[in-house]
1. Could you please give the count of residues in region 277-298 that are polar (S, T, N, Q), more than 15 Å from Q229 (Cβ to Cβ) and touching a helix residue (DSSP H, G or I) at 6+ places or on another chain (Cβ under 6 Å)?
2. From G236, G344, grab the single residue that is buried (at least 18 other Cβ atoms within 10 Å of the Cβ) and either hydroxyl-bearing (S, T, Y) or assigned to a helix (DSSP H, G or I) (or both).
3. What do you reckon, is Q177 polar (S, T, N, Q) and either outside any loop (DSSP other than H, G, I, E, B) or in contact (Cβ under 8 Å) with a residue 24 or more places away in the chain (or both)?
4. Filter region 36-80 down to the residues that are assigned to a loop (DSSP other than H, G, I, E, B), within 27 Å of M175 (Cβ to Cβ) and of a type in the set (D, E, K, R) and list them by number.
5. If S228 passes every condition in (1) more than 19 Å from F383 (Cα to Cα); (2) in contact (Cβ under 8 Å) with a residue 40 or more places away in the chain; (3) among the polar types (S, T, N, Q) but one, which one does it miss?
6. Only one of T276, T297 is of a type outside the set (A, V, I, L, M), at pLDDT 95 or above, surrounded by 24 or more Cβ atoms within 10 Å (Cβ to Cβ) and over 16 Å from L232 (Cβ atoms). Can you tell me which?
7. Restricting region 111-162 to residues that are closer than 24 Å to G226 by Cα and of a type in the set (A, V, I, L, M), which is surrounded by the most Cβ atoms within 10 Å (Cβ to Cβ)?
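The values are calculated or read from the model by the stated rules, or taken from the named source; none is laboratory data. A quick note: this is a predicted structure, and the numbers were derived from the prediction, not measured. Reconstructed Cβ throughout: ideal geometry from the backbone, glycine too, with neighbour counts over all protein chains shown.
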Amino acid sequence: MAALRLILSGMGIASLLAIIIIFGPLPHWIDARSNTVVNIKEGSKTTSAQRLHHSLVIADLHADSLLWRRDFADANSIGHTDLPRMEAGNVALQMLTTVTQSPAGQNYQRNSANALDRITLLGIAQGWPAETHGSRFARAAFQARKLHETVRQTERLQLITHQTELDTLLKQRAMGQDVTGVLLGTEGSHALDGDIDNVDRLYALGFRMMSLQHFFDNRLGGSLHGESQSGLTEFGAAVVRRMNALGIMIDVSHSSEAVVRDVVAISEGPLMISHTGFQGHCNSPRNISDATMERVTKAGGLIGVGYWEGAICDATIANIAGALRYGIDRFGLDAIALGSDWDGSVHTPIDASGLPQLTEALLNQGFSEAEIRAVMGENAVNFFRAQLPRS
């Protein structure tokens, strides 16, 4: 009996230690090592670059910050972006996306939809509510509620869901008010849990952009990094039509080339590729072909240039500028924007507070002021204004 009590006591201590590790420092440790700043440089040195930067309207198409157990309103010592760092970088608009499934062994070549899901484990470790353990929709809704709560807690952050809200925000900023706008999007439509009515439910929660795939094939069609490389399914086509009807922007960042071509053919509105690079600039399996990219841009689509090695091959500020230049020259100035993929388990040369360094790099590489204003935010603002519901 004494031996049994000793064993049970040992099991209890082991369980307690496991809980402390899982729900204590482990999520912070994972976050800190997944989202780092590399090739760090000092801030912008020229007053002309600083002056220009702080006159820009800056918008970014993709950040996964809601995934992590951080207070978005507070300055954080890890990761890439939060409200104070966006303010330091003069960011006017940030698209925040909700990650709901990510396969173990994730890579750019081939992933199985049946692989162990890392977000299930991360959510449990971060203390997400029980309903998120088996539902991708619940995970998206939980992350959306986190953002809603942050917006309620500070007047410096506004959730943008309509054209009128966007225009009001920009007027406030033009008058010198300290306010930043955020939009909600999904990282893959497995967040629908296979139910098309969840498109409407996500819209009601404030989602205004939805990507179709992530790193694996789903009910809507093939992923660029999946097993089938198949096109849009019948269910996927129905979802696209529902998104069009509601005014939800469609993102094909991780979609197979066949899906991209199919969606271009049926979508009533232009598409977004929120975070990517260009094959002609960086021959990476993360990037679709320039020919397929051209179909998107010729239909009025918007391309967000990423900051990490998988998208641009060399994760330096100078090479972000190089990717932007390639995009402008190949697809046209109006088609190019910023798509950092901050906090998306990537390593980037700047966080949000470091954006003045990018403006300086663009000046150093001979970008005109009009080009800088366009790619740093005006193109994204114009796209949002055209695609968001009116009011």
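1. Result for region 277-298: 3.
2. Numbers: G344 fails: either hydroxyl-bearing (S, T, Y) or assigned to a helix (DSSP H, G or I) (or both).
Result of the check over G236, G344: G236.
3. In short, no.
4. D74, the sole residue that qualifies.
5. It fails just one condition, (2).
6. Details: T297 fails: surrounded by 24 or more Cβ atoms within 10 Å (Cβ to Cβ).
Exactly one of T276, T297 is of a type outside the set (A, V, I, L, M), at pLDDT 95 or above, surrounded by 24 or more Cβ atoms within 10 Å (Cβ to Cβ) and over 16 Å from L232 (Cβ atoms), namely T276.
7. Applying the filter and picking the extreme gives A140.
Residues checked against (1) surrounded by fewer than 22 Cβ atoms within 10 Å (Cβ to Cβ); (2) under 21 Å from A63 (Cα atoms); (3) at pLDDT below 95; (4) of a type in the set (D, E):
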residue: P285; (1), (2), (3), (4): yes, yes, no, no
residue: V305; (1), (2), (3), (4): no, yes, no, no
residue: L324; (1), (2), (3), (4): no, yes, no, no
residue: L333; (1), (2), (3), (4): yes, no, no, no
residue: L338; (1), (2), (3), (4): no, yes, no, no
residue: L355; (1), (2), (3), (4): no, yes, no, no
residue: A361; (1), (2), (3), (4): no, no, no, no
residue: E378; (1), (2), (3), (4): yes, yes, no, yes
